[in-house]
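Novice: Got a structure for you, questions after.
The values are calculated or read from the model by the stated rules, or taken from the named source; none is laboratory data. In this text, all values refer to a predicted model and were calculated from it rather than measured experimentally. Here the Cβ positions follow ideal geometry from the backbone for every residue, glycine too, while neighbour counts run over all protein chains shown.
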Amino acid sequence: MNRKQVEEMKVSYILNHFKLIGDELFRVDGRTKDNEWKLIKMKNSKTGYTRVGVSVDDRTIPVPYHYIKHILMFKEYPQKSKKVKNKNFEISREMADNIIDKIYFDGDKIFKKLFSGKYKQIFPKVNPSGYRTVSVNGKVYALSRLRWVIENNKPIPKGYQIDHIDGNRCNDDISNLRLVTARKNQQNRTRHRNGNLVGTYFEKSKNKWHSSIRIGSARVFLGYAETELGGNCIYNIACKNLDKFKDKKQFRELVMGEFLS
């Protein structure tokens, strides 16, 4: 059995046994009388990607969660592409003008301008991080970034990213894309959309809420609070005073001093 046949069997099995409701994945439970849908609890594998077992020819094959989401949305197996090495790389005005001249969207379809002047439909691939990508002028771009640039006729400034509002990396509809800072993008992670406050987590060994913030490449510990709201308050004070950061100790004292006052 070749790879193409295996992929077709995976697609067939997934379409018949899985469904998505929001960000939650459900599977048919064949052990129940009425084949009820059962929520799958996600666990990361050693590679860091969430994988789900899929039956193919009497074997169980682990398939990445974002592949299953792609199959359920587009009814096809995602094609692998090179990973976008730096998804935070800005798209300059010159690059934006070149992209706008080469690519256009018609609903969910993507078309690329050929040397002849005609347009040909192209199909995005999915990189290992779960983002759909296309190649333009020899460069691989995340489709979300291309779509935002083309629909808004604007470049992406340095230090900014395109955020998927609903957290689905395969949903590149323009209504689901927004221009944000890297910090704002991180604040839209699944755990925060599910109600967990930003900048804090419960540390069992201390029985308190640990608060920290990333400044540049450094993770800065801010302090502890008795409640989740208190930990989030410490984080918000830090965000407000980022321009006063000199070193970790000085910044921690400044933030906790304001929090306790």
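Novice: Mind checking which pairs have a first residue in the range 149-160 that is assigned by TED's automatic domain parsing to the domain that holds I99 and a second that is part of a loop (DSSP other than H, G, I, E, B) and surrounded by fewer than 14 Cβ atoms within 10 Å (Cβ to Cβ), Cβ under 7 Å, 6 or more apart or different chains?
Specialist: Once the first residue is assigned by TED's automatic domain parsing to the domain that holds I99 and sits in the range 149-160, its partners that are part of a loop (DSSP other than H, G, I, E, B) and surrounded by fewer than 14 Cβ atoms within 10 Å (Cβ to Cβ) give P155/S92.
Novice: Only residues that are surrounded by 12 or more Cβ atoms within 10 Å (Cβ to Cβ) and either within 23 Å of the chain's Cα centre (by Cα) or among the aliphatic types (A, V, I, L, M) (or both): list them for the range 216-228, please.
Specialist: Correct list: V220, L222, A225.
Novice: Just to be sure, is S205 hydroxyl-bearing (S, T, Y) and in contact (Cβ under 8 Å) with a residue 40 or more places away in the chain? Give the steps one after another, and end with the answer.
Specialist: Values: hydroxyl-bearing (S, T, Y): yes; in contact (Cβ under 8 Å) with a residue 40 or more places away in the chain: no.
So S205 fails the test.
Novice: Among the listed residues Y141, Y119, identify the single one that is within 21 Å of I165 (Cα to Cα) and out of contact with any His (no Cβ under 6 Å at 6 or more places or on another chain). Give the derivation first.
Specialist: Details: Y119 fails: within 21 Å of I165 (Cα to Cα).
Of the residues listed, the single one that is within 21 Å of I165 (Cα to Cα) and out of contact with any His (no Cβ under 6 Å at 6 or more places or on another chain) is Y141.
Novice: Can you name the residue in the range 238-258 that is closer than 20 Å to E203 by Cα and among the hydrophobic types (A, V, I, L, M, F, W, C) and, of all such residues, is surrounded by the fewest Cβ atoms within 10 Å (Cβ to Cβ)? Steps first, answer last, please.
Specialist: Start the filter on the range 238-258 by keeping residues that are closer than 20 Å to E203 by Cα, which leaves 238, 252, 255-256.
If we keep only those that are among the hydrophobic types (A, V, I, L, M, F, W, C) too, we end up with 238, 255-256.
Details: A238: 26, V255: 25, M256: 18.
So, considering only residues that are closer than 20 Å to E203 by Cα and among the hydrophobic types (A, V, I, L, M, F, W, C), the one surrounded by the fewest Cβ atoms within 10 Å (Cβ to Cβ) is M256.
Novice: Would you list the helices (runs of 4 or more DSSP H) that sit entirely within the range 140-199 and hold 1 or more residues that are over 23 Å from R93 (Cα atoms), under 12 Å from the mean Cα position of the chain (by Cα) and modelled with pLDDT under 90?
Specialist: Details: elements: 143-152, 182-186, 190-193.
Helices (runs of 4 or more DSSP H) meeting the threshold: 182-186, 190-193.
Novice: Something else: Does the range 202-215 hold any residues that are in contact with an Asp or Glu (Cβ under 9 Å, 6 or more places away or on another chain) and surrounded by 14 or more Cβ atoms within 10 Å (Cβ to Cβ), and which are they?
Specialist: Correct list: K208, W209, H210.
Novice: Would a scan of the range 120-128 turn up a residue that is modelled with pLDDT under 80 and either touching a helix residue (DSSP H, G or I) at 6+ places or on another chain (Cβ under 6 Å) or surrounded by 13 or more Cβ atoms within 10 Å (Cβ to Cβ) (or both)?
Specialist: Step one: filter the range 120-128 for residues modelled with pLDDT under 80, giving 128.
Going one step further and asking which of them are either touching a helix residue (DSSP H, G or I) at 6+ places or on another chain (Cβ under 6 Å) or surrounded by 13 or more Cβ atoms within 10 Å (Cβ to Cβ) (or both), we end up with 128.
Looking through the range 120-128, at least one residue is modelled with pLDDT under 80 and either touching a helix residue (DSSP H, G or I) at 6+ places or on another chain (Cβ under 6 Å) or surrounded by 13 or more Cβ atoms within 10 Å (Cβ to Cβ) (or both).
Novice: I want to confirm something. Restricting to the range 206-223 and keeping residues that are at pLDDT 90 or above and of a type in the set (S, T, N, Q), which single residue is nearest to K244 (Cα to Cα)?
Specialist: Per the stated criteria, the residue is S212.
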